Amino acid sequence: MSSRSKTLPPWVILSLATNAVLSLTVSLLLLQHSEWTSVGQAEASVTEQTSDSPEEVESELGPRHQLTYEEWVEILEREAQAIATAPPERLSVLAGDSIALWFPAELLPSDTTWLNQGISGETTDGLFERLKLLDDTNPEAIFVSIGINDLIRGVEDEVLLDNYWRIIRDLREHHPDAQIIVHSILPHSGENATWEGRDRLLELSNDRIRELNRELEQLAEAEGAKYLNLSPLLTDENGNLDLDFTTDGLHLNEQGYLVWRSALQLYRDLELANAPIE
């Protein structure tokens, strides 16, 4: 795989001022929860527009988890092929693990078509291996949210960061006109977590996640990607995932996705609209 040209300068990442605006806006939007819950479905959402997306796995945890990894990859491949065959005017990709997978289609910003490429339990290595599914698509933005499963499984930080480097390089090579946005890895809720793998979560320090995010931000900047830090918007005073935003201390609930949606929308308005690729 060829590497990205070193003559391309890095884009400007989120500034402290932008984060402050994000925080303020999220607070205001959460006060208007009833408005968000009535928001229209995302324009031509892939899970709605492709006949290959099985209805039986649309909303229930059980049926989705009954799919094997290979079966889920096949579904995502068919959806990507459908998009490539009939390209929308504007396309954004959300790639990652179960936290990305469960982003409600109706809550995604509606000014673009979304191709959700999330898989439950996915790791950075697994995501890298299936990036080829996107090769024939032409997204204007690719949002990457991945990493917590690596840490839960005991992957070393250096390996995770190297996989992120490979992901960004691959996306830059095959989608040179797209803007790549790396999300921070969200912390967990610590002792208050109820996820079935709680013991494994408690072995994973949120301090380690914060330090890893600092390195991830530096990596994204160095490789010409943007960095979207969701952690300050979703954590409590102790730096843990706020119980108001999670179902089990690991995954997000509707309120958590509302925060993420507002951050995505504002981020697109502030950072992407006026950031030409050089």
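Close amide H pairs (under 5 Å, H built 1.01 Å from N) link Phe143 with Val93, Leu94, Ala95, Ile181, residues at least 5 positions away or on another chain. Measuring how big the range 104-149 is from its alpha-carbon positions, Rg and Dmax come out at 11.8, 31 Å. What full-extension length gain, to one decimal in nm, is calculated for Glu129 and Arg214 as 0.36 nm per residue of separation minus the Cα-Cα distance? That pair, Glu129 and Arg214, stretches by 28.1 nm at full extension.
Summarising the label geometry, the points placed 7 Å from Cα in the beta-carbon direction at Asp177 and Glu196 lie 4.4 nm from one another. Applying Stokes-Einstein at 10 °C and 1.306 mPa s to the Kirkwood radius of the range 196-243, computed over alpha-carbon pairs, gives a translational diffusion coefficient of 130 µm² s⁻¹.
Computed on the Cα atoms alone, the convex hull of the range 168-267 gives a volume of 115 cubic angstrom per residue.
Between the amide H of Gly224 and those of Trp11, distances stay under 5 Å, these residues lying 5 or more places away or on another chain, with hydrogens modeled in the peptide plane. For the range 100-149, the solvent-accessible area works out to 26 Å² per residue, with a probe of 1.4 Å and every protein chain left in place.
For Thr113, the amide hydrogen comes within under 5 Å of the amide hydrogens of Arg90, Leu91, Ser92, counting only partners 5 or more places away or on other chains and with H modelled in the peptide plane. The label point for Asp269 and the one for Leu243, both projected 7 Å from the Cα toward the Cβ, are 3.3 nm apart.
The values are calculated or read from the model by the stated rules, or taken from the named source; none is laboratory data. These numbers come from a predicted model, not from an experiment. Every residue, glycine as well, gets a Cβ built from its backbone with ideal geometry; the counts of neighbours run over all protein chains shown. Calculation scope for accessible area: heavy atoms of the full protein, side chains included, ligands and nucleic acids excluded. Shrake-Rupley method; radii C 1.70, N 1.55, O 1.52, S 1.80 Å.
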